[in-house]
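First comes the structure, then the notes that go with it.
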Amino acid sequence: MIENLQFDEKGLITTVVQDAQTKEVLTVAYMNKESLKRTLTTGETWFYSRSRQELWHKGETSGNTQKVIAIRADCDQDALIVEVLPVGPACHNGTTSCFTEILKEKSANVGSLDIITELRSVIQNREKEMPEGAYTTYLFNEGVDKICKKIGEEATEVVIASKNRDVEELKWETADLIYHLLVLLQEQKLDLFEVLGVLQKRHEQH
């Protein structure tokens with residue numbers, strides 16, 4: 001409830017805006033009680049501009065609105081996370097996120113779910129551009145039968161690696177299987193997030 005939130009001496013609360021699907025942090029802004037109420041009422045993000053000292057509706061002029069999916073407060077009730085489905089880039093510089101300046105690069109050895117959405121985007125672009133020599137282009141040219149055959153092969157390799165207790169091989173074969181599944185979903189025009197939605201519903205039912 002808004003009444004329980006701890007706004008600062010200026011009547012503001014720090015607000016972290018996060019993509020509801022990719023979980024990428026898009027921006028950090030501030031809300032006051034009025035902008036939070038408008039956000040809840042309209043289903044789109046409203047903030048308070050400290051420089052202009054006025055409310056502003058994200059995307060009002062650019063069209064890059066943010067549909068609000070969920071809002072959570074932290075344990076101290078003095079910060080918010082707003083999960084959104086963005087329409088266009090979040091940053092005024094035209095980037096998806098405002099956080100583009102790298103102070104320390106993440107090691108390639110540290111796996112994260114980020115790669116799934118990145119790979120999904122690459123596969124989508126491959127289908128549009130069909131660059132010559134790319135393996136993904138080859139799969140799209142060959143069609144669904146070839147893609148399904150590769151999924152069958154990779155699934156079998158996963159089983160064999162598992163039966164052999166070969167963790168290193170299992171790691172590589174699982175990666176191959178996930179990649180080919182993403183290609184199949186794109187070929188079928190089935191969004192990965194729809195599949196994740198099914199998992200979410202199943203989870204909520206148990």
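The values are calculated or read from the model by the stated rules, or taken from the named source; none is laboratory data. Bear in mind the structure is a predicted one, so any value in this text is a computation, not a measurement. Counting neighbours? That spans all protein chains shown, and the Cβs are built from the backbone with ideal geometry, glycine included. Note: accessible area is taken over every heavy atom of the protein model, side chains too, but ligands, DNA and RNA are not part of it. Shrake-Rupley method; radii C 1.70, N 1.55, O 1.52, S 1.80 Å.
Checked against the criteria, ARG52 does not count as without any contact (Cβ under 8 Å) to a residue 12 or more places away in the chain and touching a strand residue (DSSP E or B) at 6+ places or on another chain (Cβ under 6 Å). Of all the listed residues (ARG52, ARG72), the sole one being part of a loop (DSSP other than H, G, I, E, B) and either loosely packed, with under 13 Cβ neighbours inside 10 Å or among the polar types (S, T, N, Q) (or both) is ARG52. Residues that are in contact (Cβ under 8 Å) with a residue 24 or more places away in the chain, assigned to a helix (DSSP H, G or I) and closer than 24 Å to GLU157 by Cβ within the stretch 186-196 comprise GLN186, GLU187, LEU192, listed in sequence order. Looking at the stretch 76-84, can you tell me whether even one residue there is over 25 Å from ASP191 (Cα atoms), of a type in the set (Asp, Glu) and modelled with pLDDT under 95? For the stretch 76-84, residues over 25 Å from ASP191 (Cα atoms), of a type in the set (Asp, Glu) and modelled with pLDDT under 95: absent.
Considering each of THR65, THR95, THR117 in turn, give the residue that is farther than 21 Å from TYR30 by Cβ and open to solvent by less than 60 Å² (accessible area, probe 1.4 Å).
On the way: THR65 fails: farther than 21 Å from TYR30 by Cβ; THR95 fails: farther than 21 Å from TYR30 by Cβ.
The unique qualifying residue is THR117.
Of the listed requirements (1) within 23 Å of LEU196 (Cβ to Cβ); (2) modelled with pLDDT under 95, ALA175 misses just one: (2). The set of residues in the stretch 93-115 being modelled with pLDDT of 90 or more and assigned to a loop (DSSP other than H, G, I, E, B) consists of ASN93, GLY94, THR95, THR96, SER97, CYS98, PHE99, THR100, GLU101, ILE102, LEU103, LYS104. In the stretch 122-148, the residues that are within 14 Å of LEU184 (Cα to Cα) and of a type outside the set (A, V, I, L, M, F, W, C) reach residues that are open to solvent by 60 Å² or more (accessible area, probe 1.4 Å) and in a loop (DSSP other than H, G, I, E, B) with C-beta atoms within less than 6 angstrom, at least six apart or across chains, in these pairs: THR137/MET130. Filtering THR42, THR27, THR22 for residues that are loosely packed, with under 14 Cβ neighbours inside 10 Å and either of a type outside the set (A, V, I, L, M) or more than 20 Å from GLY94 (Cβ to Cβ) (or both) leaves a single hit, THR42.
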